[in-house]
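For reference, the structure discussed in these notes is given below.
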Ligand code: NAP
């Protein structure tokens, strides 16, 4: 069977890697990015660079969006030249950005009106996983849509899990990321306490790196700190956004996320210090600083 034509909207850290992966797997690919310069290199690799999400979607049976937040997602799907205006009935839409559940459900309803299939399919994994097909997809939507998406998702991901109706993938992703945010914020405080107390930094870091707290996430932070390299794999401002969306979900269920709230403040403070475009691990540079 021939491969479906695919469009990728958003060619940032994650969308760019996913597009590269799809091209190397032989998919006919159209791409769109708000700032066109970022898309040009994909033309050299064989993709069609569309002038709008609408044009990209009109050339594809499967449309994947990987953009920053709810505002960006609304713009690429429902904006004036948005993907929904260009897509044929029967198209399959995959929204892989980390977004609020409210927005994902609203978008699913609009897609259904257009007789298209919509899945929320956010991911864990970061820049290298996107480029090598090692993402972990959490999928919400109809089981029929999931069956249609499997082939393309299995090229992009090492694991693809179907969770239930629209919004299920989005919600689990927010749960995952608020816990990551809480860990990162507490670790930033821990590093600050080590600094202020005069403990030997190198020895302290070595002890912590070999203790139970050294989750994969904390290990990433330790690597960034030791290299003093905060080039974004996962931008700090996006972690901040995710914690905020998760807090909103807690409120919906009458469960104030009491650990997420101060972590949100720690991350907002870091954004206020101009660290939003650095890797989330740069939060270690912000704690204890006005
Ligand atoms: P990124 O590198 O900052 O890329 C963001 C993308 O969104 C760019 O293509 C950007 O276009 C586009 N965008 C931003 N605002 C827009 C708007 N108003 N209208 C249209 N397009 C807009 O971010 P990323 O790391 O790839 O993350 C993408 C999504 O994946 C986010 O939801 C993030 O939370 C999620 N995610 C990220 C990671 C990670 O490790 N990085 C892991 C899992 C999930 P321009 O190039 O024009 O700015």
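Read-outs throughout are calculated quantities, based only on the coordinates presented, and are distinct from any laboratory measurement. Please read these numbers as outputs of a predicted model, since none were measured by experiment. Note: ideal-geometry Cβ built from the backbone for every residue, glycine included; neighbour counts use all protein chains shown.
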Note to self: C-alpha centroids of segment 57-74 and segment 242-265 sit apart, in Å, by 26 Å
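To make sure I understand, if each residue's beta carbon is the centre and we count other beta carbons within 10 Å, what order do 2, 204 fall in, fewest to most?
Ascending number of Cβ neighbours within 10 Å: 2, 204.
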Would you compute, for the Cα atoms of segment 116-237, the largest minus smallest coordinate along each principal axis and list the three values in descending order, in whole Å? 59, 26, 25
How big is the antiparallel share of DSSP beta bridges in segment 6-166, given as a percent to the nearest 5? 10 percent
How large are Rg and Dmax for the chain when only the alpha carbon atoms are used, in Å? 19.7, 65
Neighbour-count ranking [beta-carbon atoms within 10 angstrom, fewest first] of 267, 136, 93: 136, 267, 93
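Given a Förster distance of 35 Å, report the FRET efficiency between residue 151 and residue 37 from their Cβ-Cβ distance, rounded to the nearest 0.05.
Working: r = 31 Å, r/R0 = 0.89.
Working from the Cβ atoms, E equals 0.65.
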Enter the Cα centre distance for the pair segment 89-135 and segment 163-229, rounded to the nearest angstrom. 27 Å
FRET efficiency, 1/(1 + (r/R0)^6) with R0 25 Å, evaluated for residue 231 and residue 200 via beta carbons: 0.35
Rounding to the nearest 10 and keeping the result within 0 to 90°, find how far the Cα-based axis of helix 13-24 lies from the longest principal axis of the chain. 50 degrees
Normalised by the number of residues in segment 171-285, what is the relative contact order in percent for Cα pairs under 8 Å and 6+ residues apart? 41 percent
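Once the Cα gyration tensor of segment 6-166 is diagonalised, what are the square roots of 5 times its eigenvalues, in whole Å and ordered largest first, as equivalent ellipsoid semi-axes?
The equivalent ellipsoid of segment 6-166 has semi-axes of 20, 18, 14 Å.
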Can you give the angle from 0 to 90° between the axis of helix 216-227 and the longest principal axis of the chain, with both taken from C-alpha atoms, to the nearest 10? 70 degrees
How high is the relative contact order of the chain, in percent, counting Cα pairs under 8 Å that sit 6 or more residues apart? 14 percent
Counting DSSP beta bridges with both ends in the chain, the antiparallel % (nearest 5): 15 percent
Value at 222 nm in deg cm²/dmol, rounded to 500, when DSSP H runs of n ≥ 4 in the chain each add -39,500 (n - 2.57): -16500 deg cm²/dmol
Length gained if residue 2 through residue 142 is fully extended, taking 0.36 nm per residue and subtracting the Cα-Cα distance, is 48.0 nm
Counted neighbours (other Cβ, 10 Å), sorted fewest up, put 264, 118 in the order 264, 118
Using only the Cα atoms of segment 17-81, what semi-axes does the equivalent ellipsoid have when each is the square root of 5 times a gyration tensor eigenvalue? Give whole Å, largest first. 19, 12, 11
Counting alpha carbon pairs within less than 8 Å and at least 6 residues apart, what relative contact order, in whole percent, applies to segment 87-224? 20 percent
Against the longest alpha carbon principal axis of the chain, how many degrees, from 0 to 90 and to the nearest 10, is the axis of helix 236-252 turned? 80 degrees
To the nearest 0.05, what FRET efficiency results for residue 248 and residue 210 with a Förster distance of 45 Å applied to their C-beta separation? 0.75
